[in-house]
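**Q** What follows is a single structure, and I will ask about it in a moment.
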Amino acid sequence: MTKPPWRGTKPPYHLTVLVAGLGYFVDLFDITLFGVVRAASLRDIGITSPEEVLSKGILIYNCQMVGMMVGGLPHENTAGGFPAE
């Protein structure tokens, strides 16, 4: 019988994957929630034109996507980044 792939990894990597997974879940929940309440939220802050609601909503959504991509990039000097070898 072969060992599962995670058997040979060190425990800190398990925590890193868990934390990264939770962060990804929170990001996806935020994006989904914003999609549900986008129009009402933008109207509540004074953006009433349907064209503006659409354009500002798309801008905010795109900013969220860029934030997820930048946040997912590993940095050498952070705890979750790739080791400098």
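**Q** Could you grab the pairs with beta carbons closer than 8 Å, sequence gap of 6+ or different chains, first residue in segment 7-22 and under 18 Å from LEU73 (Cα atoms), second one at pLDDT below 80 and in a loop (DSSP other than H, G, I, E, B)?
**A** Close Cβ pairs (under 8 Å, with a partner that is at pLDDT below 80 and in a loop (DSSP other than H, G, I, E, B)) amount to THR16/ALA79; THR16/GLY80; VAL19/GLY80; ALA20/GLY80.
**Q** Moving to a separate point now. When the residues of segment 50-65 are filtered to those that are modelled with pLDDT under 95 and polar (S, T, N, Q), which remaining residue is farthest from ILE31 (Cα to Cα)?
**A** Applying the filter and picking the extreme gives ASN62.
**Q** Please name all residue pairs, on different chains or six or more residues apart, with Cβ atoms under 7 Å, provided the first residue is in segment 54-71 and is under 14 Å from PHE34 (Cβ atoms) and the second residue is surrounded by 12 or more Cβ atoms within 10 Å (Cβ to Cβ) and among the β-branched types (Val, Ile, Thr).
**A** Listed by first residue and then by second, the contacts come to LYS56/ILE47; GLN64/ILE31.
**Q** Which residue out of GLY21, GLY46 is modelled with pLDDT of 90 or more and loosely packed, with under 12 Cβ neighbours inside 10 Å?
**A** GLY46
The values are calculated or read from the model by the stated rules, or taken from the named source; none is laboratory data. Because the structure is a prediction, the values reported are computed rather than measured. Glycine gets a Cβ as well: all are built from the backbone with ideal geometry, and neighbour counts include every protein chain shown.
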